[in-house]
Amino acid sequence: MDNVAMVTAEIMLAMETAGFGESFEERIFFTGPSSTAEPVRHSRLQSRKAALTLMRTFVARGTESEAHCERVATWSRRLARELGLTSERVLDVEIGALVHDVGYACCPGVDFDQATSLSFAEAYEMRTHCDLGARLLKGIPDLRRAIPLVLSHHEEFNGSGYPRGAKGTEIPIDGRIFHLVDAFEAMTTDRPYRTRMSDDQARAEIAQCVGTRFDPVVYAAFSRIESVEWRSLVAAV
């Protein structure tokens, strides 16, 4: 059994333990026709519980922090709404953001706690995590809706990202939203190798990369959200 299959089995066991049976996808993630426009059949809180089960499985491996996942999911949801996505698509973005780095759980050769730069071998393995995460999610039907974001969240708008080198609207909107959000969160969070920027500094840095790293349409929506509101969304995280 390869590493992806082993991690998938571990996650499925965690979901069973959390009370999700064979009908999990139908009960939690199914969205369909109703008397109102594009409703989500079950509450967002129920859907998030499913993704949180997965997220906490790989967080326990030390590859990511729960607070980071919560912040980027909250901001991604708000930005998706600002862009006018449907309720169902907003949920796709939020779920994908919660589990965006699940592929790291399949990268045993990378030391994520080290303060120094990754070695060449570690950097190469790390860059496989998008494909590994997508492959892992394909084995969990309940969470396949997160695959577009997981696979594309390191793509750059000008085609210089990875793993596909996709550019422009070849990149799913899920990935274009998350790429900006994740960059903002990284810039405004202390790291072992640097101190964080202020929100204003991060916004200015992002503005300089519109059209190269970031989608101009996504940036325009981001810039419409007041800085005070943006920060208040994650004040409790």
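What follows is calculated from the coordinates using simple rules that are stated; it is not laboratory data. Worth saying up front: this structure is predicted, and the values here are computed from it rather than measured. Quick reminder, even Gly has a Cβ in these numbers, built from the backbone with ideal geometry, and neighbours come from all protein chains shown.
Whole-Hz Karplus values for segment 126-136 come out as 4, 6, 8, 5, 5, 5, 5, x, 5, 5, 4 Hz, taken residue by residue from phi with 6.51 cos²θ - 1.76 cosθ + 1.60 and θ = phi - 60°; glycine and proline positions read x. The packing ranking, built from the mean of other Cβ atoms within 10 Å per residue, places the peptides 189-201, 156-168, 222-234 in the order 156-168, 222-234, 189-201, highest first. Computed from phi, the 3J(HN,Hα) profile of segment 227-237 under the Karplus parametrisation 6.51, -1.76, 1.60 (θ = phi - 60°) reads 4, 5, 5, 3, 5, 5, 4, 10, 4, 8, 7 Hz, with x in place of Gly and Pro. For the peptides 215-221, 127-133, the ranking by mean Cβ contacts within 10 Å, running from highest to lowest, is 127-133, 215-221.
Computed from backbone phi with θ = phi - 60° and the Karplus coefficients 6.51, -1.76 and 1.60, the 3J(HN,Hα) list for segment 140-153 is 10, x, 4, 10, 5, 5, 7, 4, x, 5, 4, 6, 10, 6 Hz; x is used for glycine and proline.
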